[in-house]
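Heads up: the structure comes next, in structure tokens.
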Amino acid sequence: MPAPRLEIRLDRIEHNTRTLVDRLQQLGISVTGVTKATLGAPAVARAMLRGGVVGLGDSRIENIERLRAGGVGATMTLIRSPMLSQVERVVAHADVSLNSEPAVIEALGAAAVAQGLTHAVVLMVELGDLREGIMPGDLPDVVAHTLRVPGIELRGIGTNLACQSGATPDERNMGALGALVASIESSFGIEVGVVSGGNSANLDWAFGGADPGRIDDLRLGESILLGCEPLRRTPIVGLHTDAMTLVGEVIESKVKPSRAWGEINETAFGAARPDTGTDTGTTRRVIVALGRQDTDPDGLTPPDGMTILGASSDHLVLDVGAADCPIGAELRFGVNYAALLRSATSPFVMTALSGAPAPDLPVERATARLAEAADQPLR
């Protein structure tokens, strides 16, 4: 099988999904499965749906179009604020979008009316992470404005934490979100259908014994795909942490000095490597055909007994110790979220799926439908 490739165990994704869905269901919280780290792969989406998610979320409308073209039937939420230049596509392919700008909501409404549709929005509130979100004091005005926009349904209120600044979801900010929702319901005489508390970083809070209050939805991607929580990257008990594996092929295997020689300046990416440090004699060094165009080398976990020494655009260099690594051998790496995201996005890394039923649509038909839906090349 060609390399480099990202091997995805769909049965393990389904298991992780079901485990999290079952645990959160006991707290009255449903799960929206986030597919963005796999470029909106329909097979991954179906594994999440089999695991019990109530809908799917993605940050790119192109990925949602890919899911639609792949025959995935589910409620689709665009989890990044829509671009004005894409509102027609958002309304056509996403059922819901997360929003913080009244001007965008107006444009979505106009596009929805033009297409004879109603588009649902979740208003995002800023609670400390300083990424997207309406300041809490401005929320009533935005709610009032949203309720007046033709073609728009106010579906819910949500927030996002721990992505930009690392602000941690806790009882205080989750309680604040619940209080805002209660105030909006009382002031406007409406019922907020969805209260989306955040992402995989919320799991410590959710499983820590706190009262979830009004929070009834979490948007989970990393915890499902990698089996860990993002705050400290610790494994979650009962989940598989090896649903994703990056495989690379050895293209050089030689015994070389442990230390570079000659005049030393910056590397291709501006940082000195361990090769310029203490001389420890000679080492068995291999080069794997993986680089920064394919993945985030800092997010890879090499096989036991091996050490990653550095990476350039196209080469990953390892000290393999006593391991036998002939030319053409394959090495398997664990991935963190950054490495997974870049690998799934790289056109040079193929995807290999296992452990799942056959897709709903033949690949050729899905590819053809996507080409019609979005002007974006597929690999």
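The values are calculated or read from the model by the stated rules, or taken from the named source; none is laboratory data. Remember, predicted model here, so these are calculated numbers, not experimental data. Because the Cβ atoms are built from the backbone with ideal geometry, glycine has one as well, and the counts that use them run over all protein chains shown.
Of everything in region 132-152 that's surrounded by 17 or more Cβ atoms within 10 Å (Cβ to Cβ) and free of Cβ contacts under 8 Å to residues at least 40 places away in the same chain, which residue is nearest to Gly189 (Cα to Cα)? Applying the filter and picking the extreme gives Ile134.
Every condition in (1) in contact with a helix residue (DSSP H, G or I) (Cβ under 6 Å, 6 or more places away or on another chain); (2) buried (at least 19 other Cβ atoms within 10 Å of the Cβ) is met by Asp296 except one, and the failing one is (2). Being farther than 27 Å from Thr241 by Cβ and touching an Asp or Glu at 6+ places or on another chain (Cβ under 6 Å), is that true of even one residue in region 308-324? Within region 308-324, not a single residue is farther than 27 Å from Thr241 by Cβ and touching an Asp or Glu at 6+ places or on another chain (Cβ under 6 Å). Take Thr267 and tell me if it is out of contact with any Cys (no Cβ under 7 Å at 6 or more places or on another chain), surrounded by fewer than 18 Cβ atoms within 10 Å (Cβ to Cβ) and at pLDDT 95 or above. No; evaluated as a whole, the condition is false for this residue. Annotation: Pro235 fulfils all but one of (1) under 25 Å from Ser354 (Cβ atoms); (2) out of contact with any Phe, Trp or Tyr (no Cβ under 8 Å at 6 or more places or on another chain); (3) touching a residue at least 12 places away in the same chain (Cβ under 8 Å); the unmet one is (3).
Candidates Met83, Met174, Met135: the one that is assigned by TED's automatic domain parsing to the domain that holds Arg214 and under 23 Å from Asp204 (Cβ atoms) is Met174. Only one entry of Gly128, Gly116 meets the criterion of being assigned to a loop (DSSP other than H, G, I, E, B) and either touching a helix residue (DSSP H, G or I) at 6+ places or on another chain (Cβ under 9 Å) or at negative phi (or both), and that entry is Gly128.
Okay, residues lined up against (1) at pLDDT 95 or above; (2) buried (at least 19 other Cβ atoms within 10 Å of the Cβ):
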position: Asp275; (1), (2): no, yes
position: Gly281; (1), (2): no, no
position: Leu290; (1), (2): yes, yes
position: Asp304; (1), (2): yes, no
position: Thr307; (1), (2): yes, no
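The test for being surrounded by fewer than 19 Cβ atoms within 10 Å (Cβ to Cβ) and under 30 Å from Glu330 (Cβ atoms) holds for Asp11. Residues satisfying the criterion are present in region 338-354 (criterion: part of a strand (DSSP E or B), among the aliphatic types (A, V, I, L, M), touching an Asp or Glu at 6+ places or on another chain (Cβ under 9 Å) and at pLDDT 95 or above). Of the residues in region 146-155, at least one is touching a Ser or Thr at 6+ places or on another chain (Cβ under 8 Å), among the β-branched types (Val, Ile, Thr) and not in a loop (DSSP other than H, G, I, E, B).
Picking from residues in region 46-104 that are touching a His at 6+ places or on another chain (Cβ under 9 Å) and among the charged types (D, E, K, R), the one that is surrounded by the most Cβ atoms within 10 Å (Cβ to Cβ) is Glu65.
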